[in-house]
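Here is the structure we will look at.
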Amino acid sequence: MSRMGNAITRRGFVTVVAAGLLATGLAACGNSDTGDDAGDGNGKIVLGFSQVGAESGWRTANTNSIKESAAAAGIELKFDDAQQKQENQIKAIRNFIQQKVDVIAFSPVVESGWDTVLKEAKDAGIPVILTDRSVDSADKSLYQTFIGSDFVKEGRLSGEWLVEQTKNATGPVNIVELQGTTGSAPANDRKKGFAEAIAANPNLKIIASQTGDFTRAGGKAVMEQFLKANPKIDVLFAHNDDMGLGALEAITAAGKVPGKDITIITIDAVKDGMQALADGRFNFIAECSPLLGDQLMELVKKVHAGESVPARVETEETTFTQEQAKAALPNRKY
Ligand code: AHR
């Protein structure tokens, strides 16, 4: 090789190294400005969000809230629907890591089994925010914060209302329970809170408890079985409105009057549930707000900027009787 050839080769090498260093420097400054990353180079924060699915009215309202708030906040949203499967969520999170999004948020289908993928996100330097449902990971450094409801409290408030209503009961009060998705935080926690509260009245007995997977179809099918197997059902506690709404069909088909022959308690307070409560077909609802979008976008901006955020952000909620539902319905947003 000639001296000239060497010189050209060396100059070429220096140029490549300089370009490489420049690219590395840019990448270190932020993900959304380089050709490799998830953003389109518009300087927006890129948020990868993995949603549970579309199993209920609550979930639809939650998805709409997240999409609308991301657009309003100028955050680029990469949205994935996991169709209620943990393996789909893990796959989506790995895709977000590969795409080098700036922040990952997700609402975990179930509580357990997240440590490995959360560690992968941490190792890639991508902050994670849990929304709506939490995980049971012992290592809290795997995520920045958890924003959502206190599900134990929702179950407890439901149970306390029932204890008050049945305080003069002289014989057994038979309760059937429609649980949410098996292994999910709301199913585990609502069951726990309700059981703790009804322990105050020994007449209150849960005679059957089964999952309806948070869906109307599941609620209807399981309530049909409950009604066939149990001649005396006094109370239905459904972990969400949708399962309660499905159960209404089964109760009516069995020749019973919902809200009268069977007292019905649910959780969520979506419009259809509130309508059933106002109409006298439900008796009590503990609210669970799906409108998490605005608060989530605030948190996304903060963690992206490296600011500290509280480890837990709790949603404000209330409860509704039939009269309160009538008053609240006209202004209900979801
Ligand atoms: O995680 C929140 C729960 O999930 C809601 O209560 C239910 O309706 C939804 O599917």
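Every number here is computed from the coordinates shown, using simple stated rules; none is lab data. Please read these numbers as outputs of a predicted model, since none were measured by experiment. Here the Cβ is made from the backbone with ideal geometry for all residues, glycine too, and neighbour counts use every protein chain on show.
Please report the antiparallel percentage of the DSSP beta bridges confined to the chain, to the nearest 5.
Around 5 percent antiparallel, to the nearest 5.
On a full-extension model of 0.36 nm per residue, what is the gain between residue 217 and residue 253, subtracting their alpha-carbon distance, rounded to one decimal in nm?
11.5 nm
Report, please, the projected area of the chain averaged over directions, based on the convex hull of its C-alpha atoms, in nm².
About 20.8 nm², averaged over all directions.
If r is the Cβ-Cβ distance from residue 318 to residue 87 and R0 is 41 Å, what FRET efficiency results, to the nearest 0.05?
0.70
Can you put 106, 284 in order of Cβ neighbours within 10 angstrom, beginning with the fewest?
Exposure proxy ranking, most exposed first: 284, 106.
Are there any helices in the chain, counted as whole DSSP H runs, that stretch 27 Å or more along their axis by Cα and score at least -1.0 on average by Kyte-Doolittle, and if so which?
TM-like helix candidates: 3-29.
I need 228, 100 ordered by Cβ neighbour count within 10 Å, fewest first.
Ranking 228, 100 by Cβ neighbours within 10 Å, fewest first, gives 228, 100.
Among the aspartates and glutamates, which fall within straight-line cross-link reach of residue 326, defined as a Cα-Cα distance under 18 Å, with same-chain neighbours fewer than 8 residues apart omitted?
Hits, sequence-local ones excluded: 241, 268, 272, 279, 287, 317.
What length, rounded to one decimal in nm, is gained on full extension from residue 333 through to residue 60, with 0.36 nm per residue of separation minus their alpha-carbon distance?
Stretched fully, the residue 333-residue 60 segment lengthens by 97.0 nm.
Neighbouring Cβ atoms within 10 Å as the yardstick, rank 251, 267 fewest first.
251, 267
Rg and Dmax of region 71-175, using alpha carbons, in Å: what are they?
19.1, 63
With a/c under 1.5 counting as rounded, go ahead and sort region 151-288 into rounded, prolate or oblate using the C-alpha gyration tensor (a ≥ b ≥ c being the square roots of the eigenvalues; past the cut-off, prolate if a/b is larger than b/c, else oblate).
rounded
Taking R0 as 56 Å, what FRET efficiency do you get between residue 229 and residue 139 from their Cβ-Cβ distance, rounded to the nearest 0.05?
Between residue 229 and residue 139 the formula returns 0.85.
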